[in-house]
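One structure below.
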Amino acid sequence: SSFLRQTYGQRIQNHTNPAAKLLLETMERKKTNLAVSVDVVKSKDFLAIIDAVGPFVCLVKTHIDILEDFDYSTIQRLQDLSVKHDFVIFEDRKFADIGNTVALQYSSGVHKIANWSHITNAHPVPGPSIISGLSSVGLPLGRGLLLLAEMSTRGALATGSYTEDAVRMARANRDFVIGFIAQRTMEGVGLQSHSVDNDDFLTLTPGVGLDSKGDAMGQQYRTPRQVILESGCDVIIVGRGIYGKDPSLVDEIKLQAQRYREAGWQAYQERISA
Ligand code: 5IU
């Protein structure tokens, strides 16, 4: 039977990767499948939003390269908040180069992503060598990788056989690849119809909004219910739907985080009891 009927807690045993286990444990412990994506350019706003949403999320997704006043002390503060509020860190780096280059981008530069981000992600476009490059850095540190199997944007090219090949690449690298960024579960994708899928991957899904259908730059939003219950995804990733336009409105940000958390958890409870 499907992994989608199991609780997050039951699914911990299906995983060996420490980052996958940590995420599932956090979801079970805090009773939340909400991740917040914090795309703001000032470190002060970045940290204030994370401190506000921290109690309600299992994971915080970052784009560390958009901080205009970045210095490494921001990372220390992010890590302190991750301990204070008990959430996993996911740097949405979307690596896409040859193995040797992504290994350097992951370990080095000013951001040193592998040092602090439990989870990162990569485009499968270069083929399996991108996984070996990243895993040479990340696996010894207990990190996990998500492959970008699909995207939320209108006209995305990651569809059909590209998506199926991404899933095959993941199945061949179960130690490091813990799941997908996708719009639906990849369970059974690319398998013969009679074969059983033994690989419990995590599906993290951006493009989630309760009040808007999209933005002016191709983003498309679906509701937590569509994502978790109807499409079998595991984590909803919400950005502007939660922090809106004004990062100083801390009470409003907390209210929105609670609202998305409830919607996501309700959809999950319906799913496991179906
Ligand atoms: N993101 C998407 N769609 C995708 C992928 C990543 O929106 O298919 I892959 C990122 C971009 C942004 C966040 O950091 O998720 C969504 O932010 P909003 O909820 O503000 O649209």
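Nothing in this text is a laboratory measurement; each read-out follows from the coordinates by a stated rule. Here the structure is a predicted model, which means the values were calculated and not measured. Cβ coordinates were reconstructed from backbone atoms using ideal geometry, including for glycine residues, and neighbour counts include every protein chain displayed.
Please find the FRET efficiency linking Glu262 to Asp199, where r is the Cβ-Cβ separation and R0 is fixed at 30 Å, and quote it to the nearest 0.05. Let's see the in-between values first.
Working: r = 30 Å, r/R0 = 1.01.
Result of the calculation: an efficiency of 0.50.
Could you compute the longest span of the chain free of GluC sites (Glu not before Pro) located in DSSP loops and having at most 16 other Cβ atoms within 10 Å, not counting the site residues?
On the way: sites that count: Glu68, Glu187.
With a cap of 16 other Cβ atoms within 10 Å, the longest stretch comes to 69-186.
Take Ser212 and Asp246, extend 7 Å from each Cα along the Cα→Cβ direction, and tell me the distance between the two endpoints in nm.
1.6
Can you list residues whose amide H is under 5 Å from Thr203's amide H, if they're 5+ apart or on another chain and H is modeled 1.01 Å from N?
For Thr203, the qualifying residues are Phe180, Asp234, Val235.
Under the Karplus relation 6.51 cos²θ - 1.76 cosθ + 1.60, θ = phi - 60°, what is the ordered set of whole-Hz ³J(HN,Hα) values for region 223-236, x standing for Gly and Pro?
7, x, 5, 4, 6, 7, 7, 7, 10, x, 7, 9, 10, 8
What nm value, rounded to one decimal, do you get for the distance between Ala274 and Ala156 when each label is placed 7 Å out toward the C-beta?
With each label point 7 Å from Cα toward Cβ, the separation is 2.0 nm.
Give the long-range amide H neighbours of Met151: residues separated by 5 or more places, or on another chain, with amide H under 5 Å away, using H modelled in the peptide plane at 1.01 Å from N.
When sequence neighbours closer than 5 places are left aside, the close amide H contacts are Ala158.
Under 21 Å between C-alpha atoms is the cut-off here; go through region 14-112 and count lysine pairs that meet it, provided they're at least eight residues apart or on different chains.
Eligible lysine pairs with Cα atoms under 21 Å apart amount to 17.
When only Cα pairs under 8 Å and 6 or more residues apart are kept, what is the percent relative contact order across region 84-186? Don't jump to the answer; show the numbers that get you there.
Values: 163 pairs, mean separation 26.2, N = 103.
The value is 25 percent.
Would you mind telling me the antiparallel percentage of the DSSP bridges in the chain, rounded to 5?
Once the DSSP bridges in the chain are tallied, antiparallel ones form about 5 percent.
Per residue of region 156-171, what does 6.51 cos²θ - 1.76 cosθ + 1.60 with θ = phi - 60° give for ³J(HN,Hα)? Whole Hz please, x for Gly and Pro, Karplus curve as stated.
4, 8, 7, 9, x, 5, 4, 4, 4, 5, 4, 5, 5, 4, 5, 4
Go ahead and estimate [θ] at 222 nm for the chain from helices alone: -39,500 (n - 2.57) per DSSP H run with n ≥ 4, summed, over the residue count, rounded to 500. Show your work: numbers first, answer last.
Values: 10 runs with 104 residues, N = 274.
That calculation yields -11500 deg cm²/dmol at 222 nm.
Under 5 Å between amide H atoms, partner at least 5 residues away or on a different chain: which partners does Arg222 have, H built in plane at 1.01 Å?
Val208, Gly209
Could you work out how much longer the chain between Leu141 and Gln192 gets when fully extended? Use 0.36 nm per residue separation minus the Cα distance between them, nm to one decimal. Working shown, then result.
Values: separation 51, 0.36 × 51 = 18.36 nm, distance 3.49 nm.
Answer, rounded to one decimal: 14.9 nm.
What distance in nm separates the two pseudo spin-label positions at Ser73 and Ser108, each 7 Å out from Cα along the beta-carbon direction?
2.7
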